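Each remark here refers to the structure printed beneath this line.
Nothing in this text is a laboratory measurement; each read-out follows from the coordinates by a stated rule. Just so it is clear, the structure is predicted and the values come from calculations on it, not from any experiment. Note that each Cβ is placed from the backbone with ideal geometry, even for glycine, and that neighbours are counted across all protein chains shown.
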Amino acid sequence: MTQIKDSLSSTAGLNGDQEEDFASLFEASSQIDNTVRRDNKITGNIVSIGDEWVFVDIGYKSEGAISREELLDSNREMTLKVGDPITAYVITQRDGDVILSVKMTQAASEDAMRGAHKSGIPVEGIVTEERKGGYSVNILGRQAFCPYSQIDITSGGSPEDYVGNKFLFRIMEFSDKGRNIVLSRRETLEEERKKKIDELKKTLCEGAIVEGVVRKLAKFGAFVDIGGPEGLIPMSELSWARIESVEDVLSVGDKILVRIIGLDWEKSRIGLSLKQARENPWDSASNRFSEGFETSGVVTRLSNFGAFVELEPGIEGLIHISNLGRGRRINHPKEVVNAGESVRLRIISVDTDARRVALELITESHAAVTDGSAPEIVEGAIVTGRVLSLKDYGIFVDLPNSKTGLLRTSEIGDFSPRELRKKYPLDSDITVKILAVDQETQKIALSLKALENTEEKDQAKNFLLSGETKSSFGTLGELLKAKLDKK
């Protein structure tokens, strides 16, 4: 500063513009000197990183120096690089050098503790034990006290979360020659969180999927830390499936992915969704469920008009009351099924857009044969089953081996719906031929027409192989007449 004054004196003859430049330089130098004082906060850019010291350009005649040890992360690695901005506190000036610190540690002089109390420099300390009203903390070889309310941002932590761990604190009170030191960790956490929130405001947007940690559970949802700010997952956004409580899905400390569904920085409200960060089961439901498909499910609730059944987490279907009574009239689904009961089902229809699955109840299959062995369900086999239900498009048939097939109207013959119900009432036996078996979808196509064609061929074959002397035309005519009479 003296050199700058001498330079100003020796240039009295220079023009006005140059004088103004030197005056500005002198004023700036004075401002820098006022800034680079003990306990002041200062910001600069890293210019070099050595084995022991990191040097920072603080706009002063000499660079500031920070102990490298202070800047190592939890894995003892240096994550900062040359050019990065950094904020630190002036600890002392020594031999023209400015010693900086981002936190008060053993590397800083103990006599700076009063300055740390005055300026708010973070102090590193180890929580040694729990005591009445809070925790004992060792800072620079001195015992200090941190109240429960100041140990964390959120309450409810247990002693094992803190005792034995090293944290940064602020000295809130320093009296009685250092025998009474009161600390706060909460202030440093809130400052750190504010910085993170300011950074997130630049990048966070609705629809983004981010990682978070579950901090607290409530009856109405879960609070999740997403890297500084906390957001709320309401009960309705926890799962695609029906759940009774938050504990069914989450626990405190869980690391999860969530989708941002609402942002209100002014009111500090962030809405989150756990289920929207995962696949909606309805998006692929048509690949797993189709008309005629047999499956099982658990009855979740009963209503006057039917029973709701969970087919898989997030997919619920309805057994209408008309599909519960097996042809008999019932007044309430509880006459047939109970909540929590596992049932066998057949899918009548699937509407993924409306998210609806219509179901019908399957009762225990009966044996189609009397000798104790059931025929194999393969293409071309002729089997006897039981009429389960009649639809406009055909008849569902309960087959041996707990299988179900569909006999479409096109494979039955010319019958009106009324004639069809009269000829094939519920629970009546029916013999059919298996047209096809789809192993992937478990669909089994049946036919009466194919069965009749098989019978006609067998009768013709038997005729040709017989040694009867009747005329061919007469015998074939009798067969045809018998067939017509059968129809």
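To the nearest 20 debye, what charge dipole does segment 131-206 have about its Cα centre, counting +1 at the Cβ of each Lys and Arg and -1 at the Cβ of each Asp and Glu? Its charge dipole is roughly 280 debye. Between Ser342 and Glu291, full extension at 0.36 nm per residue minus the direct alpha carbon distance yields a gain of 16.3 nm. Distances between placed amide hydrogens fall under 5 Å for Val137 paired with Thr128, Ala144, Phe145, Cys146, all partners being 5 or more residues away or on another chain. In this structure the amide hydrogen of Arg408, modeled in the peptide plane, comes within under 5 Å of the amide hydrogens of Ile395, Leu446, none closer than 5 places in sequence on its chain. For Ala222, nonlocal amide neighbours, meaning residues 5 or more places apart or on other chains whose placed amide H falls under 5 Å from its own, are Ile233.
The residue list Ile197, Leu263, Pro234 was ranked by how far each Cα lies along the charge dipole of segment 178-291 toward its positive end, using unit charges on Cβ atoms, and Ile197 comes out on top. Each of Thr352, Phe289, Gly317 was scored by the projection of its Cα onto the charge dipole of segment 281-361, and the greatest displacement toward the positive side belongs to Gly317; charges sit on the C-beta of Lys, Arg, Asp and Glu. Since only Gln442, Leu426, Thr409 are under comparison, the one whose Cα sits farthest along the positive direction of the charge dipole of segment 382-447, derived from C-beta charges on Lys, Arg, Asp and Glu, is Leu426. With θ taken as phi - 60° and the Karplus curve 6.51 cos²θ - 1.76 cosθ + 1.60 applied, the whole-hertz 3J(HN,Hα) list for segment 193-207 is 5, 4, 5, 5, 5, 4, 6, 5, 4, 6, 10, 6, 8, 4, x Hz, x standing for glycine and proline. Counted by neighbouring Cβ atoms within 10 Å, the residues Arg114, Arg131, Arg386 run from fewest to most as Arg131, Arg114, Arg386.
With θ taken as phi - 60° and the Karplus curve 6.51 cos²θ - 1.76 cosθ + 1.60 applied, the whole-hertz 3J(HN,Hα) list for segment 143-152 is 8, 10, 10, 10, x, 3, 5, 10, 7, 7 Hz, x standing for glycine and proline.
Across segment 281-361, the relative contact order, built from alpha-carbon pairs under 8 Å that are at least six residues apart, equals 37 percent.
Per residue, the average separation of C-alpha pairs within less than 8 Å and at least 6 apart gives segment 204-265 a relative contact order of 45 percent. The slack between Ser74 and Met235, meaning 0.36 nm per residue of separation minus the straight C-alpha distance, is 54.4 nm.
Where nothing but the Cβ of Lys and Arg (+1) and of Asp and Glu (-1) is charged, how large is the charge dipole of segment 382-447 around its Cα centre, in debye to the nearest 20? Please list the in-between numbers first.
Values: 10 positive and 9 negative charges, 31 e Å.
My answer is approximately 140 debye.
Quick check on my link table: of Lys403/Lys449; Lys118/Lys202; Lys166/Lys195; Lys132/Lys195, which ones sit more than 24 Å apart, alpha carbon to alpha carbon? Intermediate results must be reported in sequence, preceding the final value.
Details: Lys403/Lys449 21 Å; Lys118/Lys202 33 Å; Lys166/Lys195 21 Å; Lys132/Lys195 33 Å.
Among Lys403/Lys449; Lys118/Lys202; Lys166/Lys195; Lys132/Lys195, the Cα-Cα distance tops 24 Å for Lys118/Lys202; Lys132/Lys195.
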